[in-house]
Amino acid sequence: MNNTMKAVIIDKPTKGSDVVLSDVPIPQVKPGWVLVKVKAFGMNHSEQLLREFEIASDYISKPIIPGIECVGEIADPSDSSFLTGDKIVALMGGMGRSFNGSYAEYALLPTHHVFAVKSSLPWHEMAAVPETYFTAWGSLFQCLKLIPDDTLLIRGATCALGYAAIQLAKALGCTVIATTHKESKLDLIKSAGADECILDDGSLKGKTDTVTKVLELIGIKTLKDTMQSVNEGVIVCNTGVLGKVYEWNHFDPIKDIPNGVYLTGFYSNYPYREMIQDIFTFMDEKALKPLIGEIYDFKNIKEACISLDEGKINGKIVVNVS
Ligand SMILES: NC(=O)c1ccc[n+]([C@@H]2O[C@H](COP(=O)([O-])OP(=O)(O)OC[C@H]3O[C@@H](n4cnc5c(N)ncnc54)[C@H](OP(=O)(O)O)[C@@H]3O)[C@@H](O)[C@H]2O)c1
């Protein structure tokens, strides 16, 4: 095996247009870590945030190879019970932030964040699943306790996570109401499966009478309005930060959470194998294909990062590595 690999490596705020591929050493395995041959990876809003400003934070290891998820094969199982060639997915747990991530031909990853999966999806479709569907699944089922009788409101549905949530909730049998802040995208979320679409002008008051559960993807910017717009008994799960407000200053739970409304949140940092396999099994059983917006070859990673920054792609951006 050649000793070097192609990877994206950054140490300061970096625009998509400044992203380049570098030659770096293939990482050496060590106990508790496995070497993964990256086949493909999905791209995430959080990787844009990492490049734009989070990279300057002390808690980010620098220089860093970004990328919080990938699918691939075990290239070296080290001291784990994996076998060379096992099909895996890996995500989160510090990937692409505390230790090098997936924008590379190989990734050295902690064994406990690498999961063997069975799936009939080809690599590029598998790559659109881990972080996006894990977050959608965790938000809908672990946090919102979604059931077929629910009417789910998805606020900020025109992101990969929003499309995944529409798809999962519809496959379960729910009624789905989805919002967009762009009139031009109303038809798009309808074609993604939503039963009803709302143009979000900043207030949902009077528009959510039938809603029983809410997936909030805009985040703190609209959360108060969301909670004040729904009926008593509704559960609201705050998962996204598309509104770019990251901390709720002067949050007063007594006054800000209306009586009888339930607020929860999902953090995708703690994936585990059973839930990951449940997602792939559910998708196979329901014949669901992840909604992919665009596929790039790894050599065109700069163009993929520019697309992520521009936010013009509808659905998940996937990068094929080999
Ligand atoms: N809690 C967790 O652990 C977790 C895990 C994964 C993702 N997330 C968060 O979930 C959100 C979605 O992630 P993603 O990776 O699926 O995003 P993404 O696919 O990169 O979505 C970006 C798209 O969101 C759309 N969007 C909708 N409403 C928006 C608004 N008010 N302001 C700006 N953009 C808006 C934009 O399209 P238009 O403006 O054209 O509609 C943009 O193209 C992000 O905030 C991400 O950080 C959280």
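For this structure, a couple of remarks:
- Residues of the range 126-151 satisfying the condition of being over 15 Å from F266 (Cα atoms) and away from the ligand (no atom under 16 Å from the Cβ): M126, I147, P148, D149, D150, T151
- Residues that are within 27 Å of C159 (Cβ to Cβ) and surrounded by fewer than 20 Cβ atoms within 10 Å (Cβ to Cβ) within the range 21-38 comprise just one, L21.
- Only listed residue being of a type outside the set (F, W, Y), crowded, with 18+ Cβ neighbours inside 10 Å and under 18 Å from the mean Cα position of the chain (by Cα), chosen from M283, M227: M283
- Filter result (among the β-branched types (V, I, T) and either surrounded by fewer than 16 Cβ atoms within 10 Å (Cβ to Cβ) or over 23 Å from S184 (Cβ atoms) (or both)) within the range 292-312: I295, I301
- Check on L188, more than 19 Å from the chain's Cα centre (by Cα), within 10 Å of the ligand (Cβ to nearest atom), among the aliphatic types (A, V, I, L, M) and closer than 19 Å to E294 by Cα: yes
- For S191, the criteria (1) at pLDDT 95 or above; (2) surrounded by fewer than 14 Cβ atoms within 10 Å (Cβ to Cβ) hold in every case but one, which is (1).
- Of the criteria (1) surrounded by fewer than 20 Cβ atoms within 10 Å (Cβ to Cβ); (2) assigned by TED's automatic domain parsing to the domain that holds E216, which one W137 fails: (1)
- A search for C-beta distances below 9 Å between a residue of the range 185-205 that is at positive phi and any residue that is of a type in the set (S, T, N, Q), counting only pairs 6+ apart in sequence or on different chains, returns G193/Q167; G202/T222.
- Among the residues of the range 284-322, those identified as among the charged types (D, E, K, R) and within 15 Å of the ligand (Cβ to nearest atom) are E294, D309, E310, K312, K316.
- Condition met for P258 (more than 16 Å from the ligand (Cβ to nearest atom) and of a type outside the set (G, A, S)): yes
- Every listed requirement among (1) more than 16 Å from the ligand (Cβ to nearest atom); (2) touching a Ser or Thr at 6+ places or on another chain (Cβ under 8 Å) is met by G243 save one, (1).
For every residue, the table says whether it meets (1) under 15 Å from the mean Cα position of the chain (by Cα); (2) surrounded by 18 or more Cβ atoms within 10 Å (Cβ to Cβ); (3) at positive phi; (4) not assigned by TED's automatic domain parsing to the domain that holds I10.
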{"position": "E69", "(1), (2), (3), (4)": "yes, yes, no, no"}
{"position": "S78", "(1), (2), (3), (4)": "no, no, yes, no"}
{"position": "T84", "(1), (2), (3), (4)": "no, no, no, no"}
{"position": "I88", "(1), (2), (3), (4)": "no, yes, no, no"}
{"position": "M95", "(1), (2), (3), (4)": "yes, yes, no, no"}
{"position": "S102", "(1), (2), (3), (4)": "yes, yes, no, no"}
{"position": "E105", "(1), (2), (3), (4)": "no, yes, no, no"}
{"position": "L108", "(1), (2), (3), (4)": "no, yes, no, no"}
{"position": "F115", "(1), (2), (3), (4)": "no, yes, no, no"}
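- Of the strands (runs of 3 or more DSSP E) entirely within the range 1-77, those holding at least 2 residues that are within 16 Å of the ligand (Cβ to nearest atom) occupy 33-42, 69-76.
- Residues that are touching a strand residue (DSSP E or B) at 6+ places or on another chain (Cβ under 7 Å) and free of Cβ contacts under 8 Å to residues at least 40 places away in the same chain, drawn from the range 73-94: E73, L83, T84, G85, D86, K87
- Matching entry among L204, L199, L144 (being farther than 23 Å from D256 by Cα and not basic (K, R)): L199
The values are calculated or read from the model by the stated rules, or taken from the named source; none is laboratory data. Nothing here was measured: the structure is a model prediction, and the numbers come from that model. For neighbour counting, all protein chains shown are included, and Cβ atoms are generated from backbone atoms with ideal geometry for every residue, glycine included.
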